[in-house]
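Below is one structure, written out as structure tokens; comments come after it.
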Amino acid sequence: MSERVLILDFGAQYTQLIARRVREAGVYCEILPCTVSDQRIRDFAAKAIILSGGPASTTEADAPKAPEIVFDLAIPVLGICYGEQAICAQLGGKVEIGHHREFGRATVEITDSCALFDGVFDVGTEEQVWMSHGDRVVALPPGFKAVATSAGAPFAAIADESRKIYGVQFHPEVVHTPKGAALLTNFVRSIAGCVGDWSMAAFRGQAVERVRQQVGDGRVICGLSGGVDSAVTALLLHEAIGDQLTCVFVDTGLLRAGEAEQIVTLFRGQFNIPLVHADEGELFLGRLDGITDPERKRKIIGATFIDVFETESKKIGGADFLAQGTLYPDVIESVSFKGPSVTIKSHHNVGGLPERMRMTLVEPLRELFKDEVRALGEELGLSHDFVGRHPFPGPGLAVRILGAITKERVATLQEADRIFLDEIRRAGLYDDIWQAFAVLLPVKTVGVMGDARTYEDVCALRAVTSVDGMTADFFHFDMAFLGRVANRIVNEVKGINRVSYDVTSKPPGTIEWE
């Protein structure tokens, strides 16, 4: 990867979106915390650097700063929100707190031209943007000029054309700034000079070669969970190392209805990949017996996965490597600047394996976002229907059964979930929805069915739309559809007498609806 853009994270909720937009422009990028060493930045050899937003104030004594090497490398720099303020505070300008705050949609007036705006914003026009700041720049460093202004930010965008350093107070990475993606494309393609030739086909070849170099003649065991990520991981590994790979499909008993059969048929029948089907539903349910805390469920499931991998590895004569479908958001969250990342993926071994396993992790997808994994899956021969499936959490239905988990409650939820998705497909809505599923609540309600009183479970339905998998809103079903689904679930699923629809939205940040 000869063309790379580095994004330094100051703890913003939108940082991953910056990376998404840069990659959509065909340019490879990575996110590192703003505390990274100068040597790491130098070794990264970026063609440009983007400074993210963040919750801190540059007016505070302990506020995070951009490493000085950023301005010494003589490459283009773009500061976003806090990033712009850091540029000004460190290069001789001034930032103050206590002025008019701007949060949400705002309008900026384009007051001057600059390379960042070429072909995107015209001088004299007003443009819709998304603001999220309390501090504001009140004086520019030497060499900078203001190129846009807003009601709450006299320096809503700034430029030092000679050094190719730019700053915007608004967030171009979110969809609420309609021309923001074009602005970021302009920065990485026109200003930084990146060709924009990064693609899934190119990644496929590079990833195969990296796997071969890492694995050598070693044996690899790959854990299949039933999801898209582990399936794509397995196909990529099989292309790279062939029969050195053995896939272990851990059937936890917590998958969606019919999913276990689908995975076995796909890998043994269609792709002819060596597959061990470890039917361990009783083991997982036994260890989860009486557990109601969601975080404990996650950790128990993660530990049990590892135990199963160890057992199956011994059966096939041992393995040198364990492959898993770690994605880039998992990696970012594990090293994010002042983020809650350490608990977000507690069922996932992003930080490494238990020492007793004596195996090395192989994570060929750790540089990819979810939509990129789907594109790679199709590149490797998976069907659109398979890769386009709604995301499914690693712990499975365990985190969609609130309260105690029993074999009976799992079967109940599987059937309710199957009906919900069946009706969505019948209505031609599946591809319009990012994720839809049923949740079994830990409450019972009194109802009357026919001439008898019932005391049964409540099922909640959730469906969300998302442009980028980072923010989401509930899907607006019509009442006729919801009535049809509720009627089928109540009539066909024994143990449920009430159905509700969840209309909460997901704010900016990582989306993992569990």
Of the conditions (1) closer than 30 Å to residue 237 by Cα; (2) crowded, with 19+ Cβ neighbours inside 10 Å; (3) among the acidic types (Asp, Glu), residue 417 clears all except one; give me its number. (1)
Residue 108: within 21 Å of residue 138 (Cβ to Cβ), among the aliphatic types (A, V, I, L, M) and without any contact (Cβ under 8 Å) to a residue 60 or more places away in the chain, yes or no? no
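Restricting to strands (runs of 3 or more DSSP E) lying wholly in the stretch 125-220: which have 1 or more residues that are open to solvent by 40 Å² or more (accessible area, probe 1.4 Å), in contact with a strand residue (DSSP E or B) (Cβ under 6 Å, 6 or more places away or on another chain) and without any contact (Cβ under 8 Å) to a residue 12 or more places away in the chain?
Values: elements: 126-133, 136-139, 145-150, 157-160, 165-168.
Answer list for the stretch 125-220: none.
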If you check residue 92 against the conditions, is it farther than 14 Å from residue 179 by Cβ, of a type outside the set (Asp, Glu) and crowded, with 17+ Cβ neighbours inside 10 Å? no
Just a yes or no: is a residue in the stretch 72-85 crowded, with 17+ Cβ neighbours inside 10 Å, touching a residue at least 24 places away in the same chain (Cβ under 8 Å), in a helix (DSSP H, G or I) and under 23 Å from the mean Cα position of the chain (by Cα)? yes
State which residue is farthest from the chain's Cα centre (by Cα) when the search covers only the stretch 266-286 and only residues that are buried (at least 16 other Cβ atoms within 10 Å of the Cβ) and part of a helix (DSSP H, G or I). 283
If we scan the stretch 53-66, do we find a residue that is of a type in the set (Val, Ile, Thr) and either closer than 18 Å to residue 154 by Cα or outside any strand (DSSP E or B) (or both)? yes
Could you list, in sequence order, the residues of the stretch 314-324 that are open to solvent by less than 60 Å² (accessible area, probe 1.4 Å) and out of contact with any Lys or Arg (no Cβ under 9 Å at 6 or more places or on another chain)? 322, 323, 324
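Residue by residue, here is whether (1) surrounded by 23 or more Cβ atoms within 10 Å (Cβ to Cβ); (2) over 19 Å from residue 193 (Cβ atoms); (3) charged (D, E, K, R) holds:
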| residue | (1), (2), (3) |
| --- | --- |
| 9 | yes, yes, yes |
| 15 | yes, yes, no |
| 27 | yes, no, no |
| 30 | no, no, yes |
| 36 | no, yes, no |
| 43 | no, yes, yes |
| 47 | no, no, yes |
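Any idea which of 263, 241 is more than 14 Å from residue 324 (Cα to Cα), open to solvent by less than 40 Å² (accessible area, probe 1.4 Å) and touching a helix residue (DSSP H, G or I) at 6+ places or on another chain (Cβ under 6 Å)?
Details: 263 fails: touching a helix residue (DSSP H, G or I) at 6+ places or on another chain (Cβ under 6 Å).
From the options 263, 241, the qualifying one is 241.
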If residue 295 passes every condition in (1) in contact with a helix residue (DSSP H, G or I) (Cβ under 9 Å, 6 or more places away or on another chain); (2) within 30 Å of residue 381 (Cα to Cα) but one, which one does it miss? (2)
For residue 439, indicate whether it is modelled with pLDDT of 90 or more, in a strand (DSSP E or B) and of a type in the set (Val, Ile, Thr). yes
Would a scan of the stretch 272-290 turn up a residue that is within 17 Å of residue 358 (Cα to Cα) and among the hydrophobic types (A, V, I, L, M, F, W, C)? no
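The values are calculated or read from the model by the stated rules, or taken from the named source; none is laboratory data. Keep in mind the model is a prediction, meaning the values are calculated, not measured. Positions of Cβ are backbone-derived with ideal geometry, glycine not excepted, and every protein chain shown enters the neighbour counts. Remember, those area values only see protein heavy atoms, side chains included, never the ligands or the DNA or RNA. Shrake-Rupley method; radii C 1.70, N 1.55, O 1.52, S 1.80 Å.
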